[in-house]
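Below is one structure, written out as structure tokens; comments come after it.
Read the figures in this text as sums done on the coordinates, not as results from a lab. Since the structure is predicted, the reported quantities are computational estimates derived from the model, not experimental observations. Please note: Cβ atoms are built from the backbone with ideal geometry, for glycine as well, and neighbour counts cover all protein chains shown.
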Amino acid sequence: MKIAIGCDHGGLHLKQEIKELLSTLGHEVEDFGTHSTESCDYPDYAEKACKKVQDGNAEIAILVCGTGLGMSIAANKMKDIRAVVCGEEFSAYHAKSHNNANVLCLGERVVGVGLAILIVDTFLNASFEGGRHERRVNKIAQLESSLFE
């Protein structure tokens, strides 16, 4: 799977752990930074990674900041992006299977490496169920379309 990954200074260490896991699992990972703990702006990195999802050059993106919240807010401003913050596996599974989420956001200051790895693994292995959920995701897309007209 092609995966775009990005972080700000608050998510650098967790991003590195996740990137290592993804590579070990055989995924193709494109890292959009940051590569330093120097203060930076999370919307810049959310945009870079999510553009890869938008243009079809990545199936999903994983974004990491201190809480995951800033990355999620920024990512969800972009057309066709359904970004979620997950702090446990149940939400990660349902975000993908019910909401067809294509961006997973995590908080380095909120979840430890072990839990983050479980969340990422759950998200990667879940599949969109379609059916009644597809109708709802389509309604989200309609709301989004009205914003970008």
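Say each of Arg109 and Gln54 gets a label point 7 Å from the Cα, pointing the same way as Cα to Cβ; how far apart are those two points in nm?
With each label point 7 Å from Cα toward Cβ, the separation is 2.8 nm.
What is the magnitude of the charge dipole of the chain about its Cα centre, with +1 placed on the Cβ of each Lys and Arg, -1 on the Cβ of each Asp and Glu, and no other charges, expressed in debye to the nearest 20? Each step should come with its number before you reach the end.
Values: 15 positive and 21 negative charges, 104 e Å.
So the dipole magnitude of the chain works out to roughly 500 debye.
Amide H neighbours of Ile60 under 5 Å, at least 5 residues apart or on other chains, H built in the peptide plane: list them.
Those qualifying (amide H under 5 Å, at least 5 residues apart or on another chain) are Ala4.
Using a Förster distance of 22 angstrom, determine the FRET efficiency expected from the C-beta separation of Leu69 and Gln16, and round it to 0.05. Intermediate results must be reported in sequence, preceding the final value.
Numbers: r = 21 Å, r/R0 = 0.93.
After rounding to 0.05, the efficiency reads 0.60.
So which GluC sites (Glu not before Pro) in the range 20-63 are both in a DSSP loop and have at most 13 other Cβ atoms within 10 Å of their Cβ?
Working: sites: Glu20, Glu28, Glu30, Glu38, Glu47, Glu59; in loops: Glu38, Glu59.
Passing sites in the range 20-63 are Glu38.
By its C-alpha gyration tensor, with a ≥ b ≥ c as the square roots of the eigenvalues, how is the range 65-125 shaped: rounded for a/c under 1.5, else prolate for a/b larger than b/c, else oblate? Don't skip to the answer; put the middle values down first.
Numbers: a/c = 2.51, a/b = 1.15, b/c = 2.18.
Oblate, since a/c reaches 1.5 and b/c is not below a/b.
Can you give the relative contact order of the chain as a percent, counting alpha carbon pairs under 8 Å and 6+ residues apart? Mind showing how you got there, number by number?
Working: 295 pairs, mean separation 34.7, N = 149.
Computed over the chain, the figure is 23 percent.
Which percentage, to the nearest 5, of the DSSP beta bridges contained in the chain is antiparallel?
Values: 0 of 17 bridges.
Antiparallel bridges make up about 0 percent of those DSSP assigns within the chain.
What spacing in nm lies between the two simple spin-label points modelled at Glu89 and Met1, each 7 Å away from Cα in the Cβ direction?
1.5
What is the range 105-149 by shape, rounded, prolate or oblate, if you read a ≥ b ≥ c off the alpha carbon gyration tensor as root eigenvalues and call it rounded for a/c under 1.5, prolate for a/b larger than b/c, and oblate otherwise?
Details: a/c = 4.74, a/b = 1.80, b/c = 2.64.
Oblate is the answer for the range 105-149, as a/c is 1.5 or above yet b/c matches or exceeds a/b.
Restrict the search to the range 110-149; then list the chymotrypsin sites (Phe, Trp or Tyr not before Pro) that DSSP places in a loop and that have at most 13 other Cβ atoms within 10 Å of their Cβ.
Numbers: sites: Phe123, Phe128, Phe148; in loops: Phe128, Phe148.
Filter output for the range 110-149: Phe148.
What FRET efficiency do you get for Ile140 and His35 if R0 is 25 Å and r is their Cβ-Cβ distance, rounded to the nearest 0.05? Provide the component values of the computation, followed by the final result.
Working: r = 33 Å, r/R0 = 1.34.
It comes to 0.15.
Hey, what number do you get for the chain at 222 nm if only DSSP H runs of n ≥ 4 count, each worth -39500 (n - 2.57), divided across all residues, to the nearest 500?
Numbers: 6 runs with 71 residues, N = 149.
The per-residue figure over the chain is -14500 deg cm²/dmol.
Can you give the longest run of the chain that contains no trypsin sites (Lys or Arg not before Pro) sitting in a DSSP loop with at most 16 other Cβ atoms inside 10 Å?
Numbers: sites that count: Lys77, Lys79, Arg109.
The reported range is 1-76.
With a ≥ b ≥ c the root eigenvalues of the C-alpha gyration tensor of the range 1-130, is it rounded (a/c under 1.5), prolate (a/b larger than b/c) or oblate? Don't skip to the answer; put the middle values down first.
Working: a/c = 1.35, a/b = 1.18, b/c = 1.14.
Verdict is rounded for the range 1-130.
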